[in-house]
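First the structure, in the form of C-alpha cells, and then the observations on it.
Throughout, read-outs are computed from the coordinates displayed, never taken from laboratory work. The structure presented is a predicted model; accordingly, all values stated were derived computationally and were not measured. We place every Cβ from the backbone using ideal geometry, glycine too, and count neighbours over all the protein chains shown.
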Amino acid sequence: MRPAAVCLVLLAILCGCPASQNPGSDTPDSGMNPEPDASTCEAKPTCSVTIRYTGAGGSVQLRGDFAANGWTQGVAMMKVDGGFEVTLPVRDQQVIVYKFVVDGNWIMDPGNGRKSPDGFGAFNSVMRADCDKCPARAAIDWRDSIMYFVMIDRFANGDTVNDAPVSGVEQPGQYQGGDYKGLKQKIDEGYFNALGVNTLWLTSPIDNADNANPGSDGHQYSGYHGYWPKNLDASESKYGTEAELKAVVDAAHAKGIQVLIDYVMNHVHADSPIYQQHQDWFWPNTNGSGGNCVCGQGCSWDNDRIRCWFDPFLPDFDFRNADARRYSIENAMQWAKRLGIDGFRLDAVKHLETVWLTDLRARMTPEMAWDQPFYMVGETFDGSRDLIKSYVDQTMLDGQFDFPLRGKILENVLRRDGSMTDLAGFLSSNDGFYGQGSVMSTFIGNHDVPRAVHIAEDSPQ
Ligand SMILES: [Ca+2]
Ligand SMILES: [Ca+2]
Ligand SMILES: [Ca+2]
C-alpha cells in the first residue's frame, strides 16, 4: 500500500546568499517532451457557452462572475421554447458562478446540481465551459506529488529592475531580488523536471509591507518571506507583476507541474488598509488584564492561540465576524481563480477559527476541483498528531505537514537516539492515522524549522 503522503524533498535557499547564486543554474534540460502549451488556451475568450433556464417566468436575468458587473447588472436571457437562454463569450474551461433572477427572485439553476455557498446562507450554481480544443492537463494523484518549496525572493533573480531593498535591514533579512522571471526561466529550462519535481509551493504572492520590522532576535527584517500581507488584492511588486506570476503558473502547467501558493490568512500587517478600515474585524491587542495579547507575551501561544498576535505589528483576524470571513474567503478564492493554481499551503492553521477552513473548503471544491482535487495542505506547527489530525477531513484540509514524522526521523536517524525499529514502528502507526483519503506532506525541512542537518551527530559511532 502506498503511504498517503506527498514527499517534500527539497528546499529553497534560505541562507543569506544572493539569489543569483542559486545552485543548479547549469542543470541540463531533462529532455522530457513538454506538454502542449496550455497558456494560450487560458488567455482569452475563444468560444461561447449557452446557459439555459428551463422553467416558468416572465423575465429572467443571468447574474454571476462571468463579467465585472455580472453580479450587479447581469444580462437578460432570451425567451425560447421551454424557458430562457443566453450565450456568453468565455475562455475554455472558464468556471462561472451564477444565479438566475426570475421575476425579481434570485434562484439557483434548477437544472444544475453543482452548487457553492454564497456566503449568506444560500447557494450559487457553478458550471465550467468546455468548448475549445485546448488539451486537458492530465490529473495528478496527489499521493504522487513531489513538492519543491520555492521561496521566491531567494530563488532566482531574473530581473534586477524590480529589486527594491528596504532601508534599515541587514543583508540576511533583506530582499535578495528573486522574482517570477527568474523562476519561469528555471521552469522553462526543465530544472524542476530534471529533479523529478512535479509540484511547486510558492511563497505568498500578496503585496507585503515595505518597511523594516524587528524579529524576535532583535534584528531588523524585511518582508522577503511574504508573511506580512498588506494590500491583499495586489501582488508583491518586488517579485514582478501578477501577469508574470500567471505566466509562471502556465509555464509550470506546460511542463506537467502543479502549483500551490502559500496563503496567509491569520493576520495582516498593521499598515494594511483592511486593518485600518475595519479594526472591528480583528482581535484587540489586549489581554483583558492590562497587558497586550502578543503570543508569548501578554497572551499564551497555546491557550490564546486563536486570538493572540504573532507580533505587535501583525493584527490577527477575528473570523467569528462574518463580514471579515466573507472578505477573506473571497480574497482566497479570487487568488486561486485568477492564477489558475492547483492548491494552497495554508499558514498557521491552529491559530485560525476553524469556520474559516470549513467555509473555504465548501467553496473550493465546487468552484476549483474539476479534473483533480484542489489540494489544501496546512501548517500546524505542533508535535501533537491528534491536534494536527483534527483539521484533516473532507470539510477542511486534505493533509498537513507531518511535523511529528519529521521529529521522529530527526530523533532516530539524524540524532541516532533510538533505533530504526522505533522509526518503523512509528511509520506503521502513522500510515492511516490521518484517515481515509488524507494526503499528508512528508518533509524533513522547510522554512518553519532549522535545517535538519544541524541535528545530525558530529561524531558518528
Ligand atoms: Ca529581481
Ligand atoms: Ca510591497
Ligand atoms: Ca488568529
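Listed values, structure above:
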| read-out | value |
| --- | --- |
| Span from the segment 227-264 Cα centroid across to the segment 429-456 one, whole angstrom | 25 |
| Overall dimensions of the chain by Cα: Rg and Dmax, Å | 23.5, 85 |
| Estimated FRET transfer efficiency (Ala68, Asp188; beta-carbon r; R0 30 Å; 0.05) | 0.40 |
| For segment 377-387, 3J(HN,Hα) per residue [Karplus equation, 6.51 cos²θ - 1.76 cosθ + 1.60, θ = phi - 60°, Hz, x = Gly/Pro] | 10, x, 9, 10, 6, 7, x, 7, 5, 5, 5 |
| Local electrostatic count at Phe282 - Lys and Arg +1, Asp and Glu -1, tallied over other residues with Cβ under 13 Å | -2 |
| Cα Rg, Dmax, segment 45-128, angstrom units | 12.1, 35 |
| Built amide H within the under 5 Å cut-off of Tyr53, gap 5+ | Phe84, Glu85 |
| All lysines inside 22 Å of Lys389 as judged from Cα atoms, apart from same-chain residues fewer than 8 positions distant | Lys350, Lys408 |
| Environment charge at Ala234 (Cβ cut-off 9 Å; Lys +1, Arg +1, Asp -1, Glu -1) | -3 |
| Using a Förster distance of 56 Å, the FRET efficiency for Asn105-His454 (Cβ separation, nearest 0.05) | 0.30 |
| Per-selection Kirkwood Rh - segment 206-287 (Cα, Å, 1 d.p.) | 14.7 |
| Estimated vicinal HN-Hα couplings, Hz - segment 396-410 in sequence order (Karplus 6.51, -1.76, 1.60; Gly, Pro = x) | 9, 9, 6, x, 9, 5, 8, 4, x, 5, 4, x, 5, 5, 5 |
| Sites Asp144 and Ser428 - FRET efficiency at Förster radius 30 Å, r taken between beta-carbons, to 0.05 | 0.85 |
| Cα-based Lys proximity count in segment 131-290, under 22 Å, for pairs eight or more positions apart or on separate chains | 15 |
| Long-range HN-HN contacts of Ile146 with modeled amide H, under 5 Å | Asn198, Thr199 |
| Hypothetical label at Gln220: residues of segment 161-179 whose amide nitrogen lies under 17 Å (7 Å Cα-Cβ projection) | 164-176 |
| Sequence of Ile341, Ile306, Ile152, Ile140 once ranked by neighbouring C-beta atoms within 10 Å, starting from the fewest | Ile306, Ile140, Ile341, Ile152 |
| Equivalent ellipsoid semi-axes, segment 308-461, via Cα gyration tensor eigenvalues times 5, rooted, Å | 33, 19, 14 |
| Vicinal HN-Hα couplings computed from phi for segment 262-269 (Karplus, 6.51 cos²θ - 1.76 cosθ + 1.60; Hz; Gly/Pro x) | 6, 10, 10, 10, 5, 8, 10, 7 |
| Exposure proxy order (Cβ contacts within 10 Å, fewest to most) of Glu367, Glu330, Glu244 | Glu330, Glu244, Glu367 |
